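The values are calculated or read from the model by the stated rules, or taken from the named source; none is laboratory data. Since this is a predicted model, take the numbers as computed values, not measurements. Heads up, the Cβs are rebuilt from the backbone with ideal geometry, glycines too, and the neighbour counts pull from every protein chain shown. Keep in mind that these areas ignore ligands, DNA and RNA; they rest on the heavy atoms of the full protein, side chains included. Shrake-Rupley method; radii C 1.70, N 1.55, O 1.52, S 1.80 Å.
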Protein chains: 2
Amino acid sequence: MSDLTLRPFFWRPTNLFPETRLVARTHDGIHEYTYDAFGRRVRSLVAALTDRGLGPGDRIATFGWNHHRHFEAYFGVPLSGAQLHTINVMLGDDDIVHIVEDAADDCLLVDPGEPFRTIERLWDDLPIERVVVMAESVPETDIDAVAYEDLLADHEPMRELPPLEEDLPAGMCYTSGTTGRPKGVEYTQKMIYAHAMMVMTPAGLDLSERDVVMPVVPMFHVNSWEFPYAATMAGATQVYPGPSPDAADLLELIEREGVTMTAGVPTVWINLLEHVDEHGGDLSSLERIVVGGSAAPADIMRRYDEEFDVTMEHAWGMTETMSIGSVSRPKARMDDWDRERTAAKRKKQGLLSPGLEMRVVDDDGEAVAWDGQSAGELLVRGPTVVSEYYNRPDATAADFVSRPVGETAGSSEGFSPSEKWLKTGDIVTVDEDGYLEVVDRAKDVIKSGGEWISSIALENALMAHEAVVEAAVVGVPHEKWQERPLACVVTAGGSTIDEPELRDHLADELDQPDWWLPDEIRIVESIPKTATGKFDKKTLRGRLDVVADDE
Amino acid sequence: MSDLTLRPFFWRPTNLFPETRLVARTHDGIHEYTYDAFGRRVRSLVAALTDRGLGPGDRIATFGWNHHRHFEAYFGVPLSGAQLHTINVMLGDDDIVHIVEDAADDCLLVDPGEPFRTIERLWDDLPIERVVVMAESVPETDIDAVAYEDLLADHEPMRELPPLEEDLPAGMCYTSGTTGRPKGVEYTQKMIYAHAMMVMTPAGLDLSERDVVMPVVPMFHVNSWEFPYAATMAGATQVYPGPSPDAADLLELIEREGVTMTAGVPTVWINLLEHVDEHGGDLSSLERIVVGGSAAPADIMRRYDEEFDVTMEHAWGMTETMSIGSVSRPKARMDDWDRERTAAKRKKQGLLSPGLEMRVVDDDGEAVAWDGQSAGELLVRGPTVVSEYYNRPDATAADFVSRPVGETAGSSEGFSPSEKWLKTGDIVTVDEDGYLEVVDRAKDVIKSGGEWISSIALENALMAHEAVVEAAVVGVPHEKWQERPLACVVTAGGSTIDEPELRDHLADELDQPDWWLPDEIRIVESIPKTATGKFDKKTLRGRLDVVADDE
């Protein structure tokens, strides 16, 4: 048999769906073409890379948004045998420099505009030798760069693509960890093959040539959740929404192209809904929105369903699992359940995807019950889960175990990578139907008297009060109970709500025992946030100045 | 990452769909249970095999029909690290003995009844040491055999399954070639993983937990077209129809279990339709029938569609491609075509499945046009295509090329197995939309004056006449044209049709140039057939006693 490589992912759409459309919003307007034209351009890109001596062993970085040139690089780079390293354009300068140095990228494909200006600003600190601007021409600059379109124009499509092997590194992505330096992971040709096929299955994202797919999740986030590969193999129509798309841009593309399926973090869909509320818009083509990163608010899910007949599908995944690792849909036998009951399933992260195995374990490494209540850390393994971090034996040792803790007394020596489990850092419950739900991050869960209290559950319950704008709950040290929850709440301007009132609300709202209730609820001016807008609980804990033995 | 093995195929349904039903018709009635019970029994089977020292390096044969015990062996054997070798119970004695000797099977799982009697009859010629009868008890016999149920009862479910590697041989199947000895092919754990995931995708057979699947294609035919693995990973309800199921058996299972999807050769579905015509029956649950092996008659496809709202989906595949390699469905952009036009697509073998690549070449190795007319031999490659025959370097040399003939002048030395193409022996056309259609077998196509004439097309046109019961067309040597077609026709009892009349019919019916018409149409008593009921053209050619230069 042939190796598992990206070659058939390129063969199938270019030969069987040559006339199917590809659409991209770019910095200078909408670009439309077909898989046939895409195929010729990718072959030219491979020729250009090969011509410059780039291939197996070389790492080529990209720094850009979702458009057709970036999409072509997703194929041209790994089809040349080289490795595609997608860098997050939203990162801070220090992290960008660190990542480029760590990965030792020597060629960079960069968007014009803001991303190019960032690279220009950091140029003296970057080890990069060759720069390609993903545009018609190179902006005025001192950097010796070439325009992507010139590169392609100079090279005839390569007729016979170079042979590939399945263990070649084909992709690379850094986690945007909130603590410490971003960690790099590498994806081989085989891993991308396996993950993209899984994504195509009905239990995955159920992709076919009938879909008109618009991946809003950036191409610098874990291969855009594998859409560029899975949707291409399926022969689907694809719509790439370009640089920093706002709700109006997305709506325009949905209406214009008849998008049936899209994917991204909850904020995007909240903004889209607000935009449609204010300005109107036609979402009738849309059937599904895949939501990951964090959970969508129940009310948003309900509104899309009831008002627009759009199903929001929660998914879970990590950089280390190549994105999608579970999807939540009611099972066939739940077809006669009422809306409320199926909505409760839909708001979870769902059923583990084909190819993966999981264990959920407590602090002692004992498996927790699948009762929808008992929480533990999620461990996963499978051919689409990485088994190490790049250049980081320390992080690899911390985040991977060769056996679930506690299962086998022996050491982790002597097991093959096949036996390795990834410690996801996600605290989850699994219900009787096998649906997993992320209740917290391991570093944020509050460990009180041997039991775990979900900071996220408390925050959601607090934020359900109309006077609460933001709520963050952290664990503070406690002599008797090890840790106890403390809540910080930002209230709406003009609100006179006080702690007792909030405590009553929480007791009503929270479907949990009394000992889950925070020992203190502080009303504060603001809650510190990270660069990506998440609560920065580390900084918050430092600010709190709490007394450990306040009972 | 973990290796690509069958382990997650076992993990997912037993953990996420434990309550989903598995149903089997057996020699002593209907057996019903769940994935949960299945999981425990498979773990007991692995324990029993491991206990007997069977594992990696061992080959365990099965000789039986589609039922739950055979299904358990599909998992228990490869999960133990051993290789599952499924033997066709319909083969002649010589072939059975040859296959068992060639594969050196040392353990055999056999059905009670006819299959067991066959093994008993051949016992002295078989190198087998251990026999397990897939039943409650062992029939009276001199063979030292153990009952499958006793084996399981003696072993507690194994808690921690043994580690597996992706390159372990996990399956084996022999082709039922009409010429020469059957040839064996081996499937690794990785190949089964890759093929079963492909089968699950919407472009494959589109399997989900919502399906109630009844694989009628025997489990001794190319892993029952991968249903036992793909449907299990999907978490589908599965119905196994047991020993020699007839139309009444199938109808009963469809009605009883609400089967939504089934699969098998055309004869099965013709018989089912006749049965329903005569005795009535409820096919309302049925949505799809996957048809392979040969093409279903257009009228049968139309009747299932119009009268029962059941879509017949043509598929193409071979033992060497692990079954399914293409499926025919109209594309989304054909939705507004009329019924006749889409039916013309559906009767083809369709679009190549994800993971494969193909080339269609003429005798000189030149690619033929994708015009729906130009015929050539189909070459395929991919991670689900074997790259050799077991123990048969001669056949491997004949049926695999390292480059398509003619593409590269050099020798085939120095290429990796990844570069190998399988010569399928199928003569196909590919139309402008990429749909392939098998028009003949390479050994049967008639090569006349540098052009190819499809024997199958002539036979179908002849058989479209109501007075024609059977028609076989072969090429006979011809001095000027190399070969010319000669047709042998069996007419209906009492018919007085003669050659001129048949020739007129053929000229009307056949949408091809005049030189396609046979030089002679002979009315004969019978046409010789192979053990599996196909026309035996080799014997027919020998009988014909044709003169080469009859012009």
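For A:His155, no residue has an amide H sitting under 5 Å from its own, ignoring neighbours fewer than 5 places away on the same chain, with H placed 1.01 Å from N.
Taking every protein chain into account, the accessible area of segment B:7-333 amounts to 32 square angstrom per residue (probe 1.4 Å).
Leaving ligands and nucleic acids aside, the B/A contact buries around 5200 square angstrom of accessible area in total at a 1.4 Å probe radius. Computed with a 1.4 Å probe over protein heavy atoms only, the accessible surface of segment B:446-544 comes to 52 Å² per residue.
Contact-buried residues of segment A:127-170, at a threshold of 40 Å² lost accessible area versus the chain by itself: A:Glu160 (1.4 Å probe; DNA, RNA and ligands ignored).
The alpha-carbon positions of segment A:221-347 define a convex hull whose volume is 117 Å³ per residue. Between A:Arg25 and A:His31, A:Tyr240, A:Gly242, the built amide H atoms are under 5 Å apart, and every one of these is 5 or more places off in sequence or on another chain.
Full extension of the chain between A:Glu466 and A:Gln482 gives 2.5 nm of extra length, using 0.36 nm per residue less the Cα-Cα distance. Please state, as a whole number in µm²/s, the translational diffusion coefficient that the Stokes-Einstein equation yields for segment B:446-544 at 37 °C and 0.692 mPa s, with Rh defined as the Kirkwood radius across alpha carbon pairs. The estimated diffusion coefficient comes to 240 µm²/s. Anisotropy class assigned to segment A:10-67 is oblate, per the alpha carbon gyration tensor with a/c at or over the 1.5 cut-off and a/b no larger than b/c.
Could you give the DSSP H helices of chain B that reach 18 angstrom or more along their long axis (alpha carbon positions) and whose average Kyte-Doolittle hydropathy is no lower than -0.5?
TM-like helix candidates: B:35-51, B:266-279.
Peptide B:3-9 has a mean of 5 when you count, residue by residue, the C-beta atoms of other protein chains within 10 Å of its C-beta. Each 5 Å bin from zero holds the following percent of Cα-Cα pairs in segment B:440-495: 4, 22, 26, 20, 14, 9, 5, 1. Solvent-accessible surface of protein heavy atoms, probed at 1.4 angstrom with all chains present, puts B:Arg256, A:Arg543 in the order A:Arg543, B:Arg256, largest first. When peptides B:198-206, B:515-523 are ranked by their average number of other Cβ atoms within 10 Å per residue, the highest-first order is B:198-206, B:515-523.
In loop segments of segment B:45-132 as defined by DSSP, the GluC sites (Glu not before Pro) with at most 14 further C-beta atoms inside 10 Å of their C-beta are B:Glu129. Which distances, in nm and shortest first, link the B:Ala37 label point to the same label point in every other copy, taking 7 Å along Cα→Cβ? Distances between equivalent label points, in nm: 6.0. Listed peptides A:40-53, A:457-470, B:20-33 appear in the order A:40-53, A:457-470, B:20-33 once ranked by packing, highest mean of other Cβ atoms within 10 Å at the front. Between copies, B:Gly493 shows label-point distances of 9.7 nm, shortest first, with the point placed 7 angstrom from Cα along Cα to C-beta. In this structure, the amide hydrogen of A:Thr384, modeled 1.01 Å from its nitrogen in the peptide plane, lies closer than 5 angstrom to those of B:Ser2, counting only residues at least 5 positions away or on a different chain.
With all protein chains in place and a 1.4 Å probe, the accessible surface of the protein assembly as shown carries 45 percent carbon and sulfur. Between the C-alpha center of segment A:58-73 and that of segment B:483-515 there is a gap of 61 Å.
Mean partner shielding of peptide A:190-203, defined as the number of other chain Cβ atoms within 10 Å of each residue Cβ, is 6.
The peptide list A:362-368, B:188-194, B:421-427, B:103-109, put in order of mean Cβ contacts within 10 Å with the highest first, becomes B:188-194, B:421-427, B:103-109, A:362-368.
Per-residue 3J(HN,Hα) values for segment B:238-243, derived from phi via the Karplus relation 6.51 cos²θ - 1.76 cosθ + 1.60 with θ = phi - 60°, read 10, 10, 9, x, x, x Hz in sequence order (x marks Gly and Pro). Restricting the calculation to alpha carbons of chain B gives Rg and Dmax of 24.1, 76 angstrom. If you take the Cα centroid of segment A:93-169 and the Cα centroid of segment B:306-377, the two points sit 41 Å apart.
Calculate how large, on average over all directions, the projected area of the Cα convex hull of the protein assembly as shown is; give the answer in nm² to one decimal.
On the way: hull surface 190.8 nm².
So the mean shadow area of the Cα hull is 47.7 nm².
B:Pro163 label point (Cα plus 7 Å toward Cβ) to equivalent points in the other copies: 3.0 nm, shortest first.
Converting phi to 3J(HN,Hα) with the Karplus coefficients 6.51, -1.76 and 1.60 and the offset θ = phi - 60°, segment B:476-491 yields 10, x, 8, 4, 7, 9, 6, 9, 9, x, 10, 9, 10, 10, 9, 9 Hz in sequence order, with x at every glycine or proline. Using bins of 10 Å that start at zero, the share of Cα-Cα pairs per bin across segment A:1-104 amounts to 14, 39, 35, 12, 1, in whole %.
Across segment B:209-215, coupling constants 3J(HN,Hα) worked out from phi with the 6.51/-1.76/1.60 Karplus curve, θ = phi - 60°, read 5, 6, 7, 10, 9, 10, x Hz, and Gly and Pro carry x. Averaged over the residues of peptide B:13-20, the number of Cβ atoms from other protein chains lying within 10 Å of each residue's Cβ is 5.
When the convex hull of the C-alpha atoms of segment A:7-333 is computed, what volume per residue in Å³ does it have?
134 Å³
Computed over the Cα atoms of segment A:102-254, the ratio of the radius of gyration to the Kirkwood radius (Rg/Rh) comes to 0.98.
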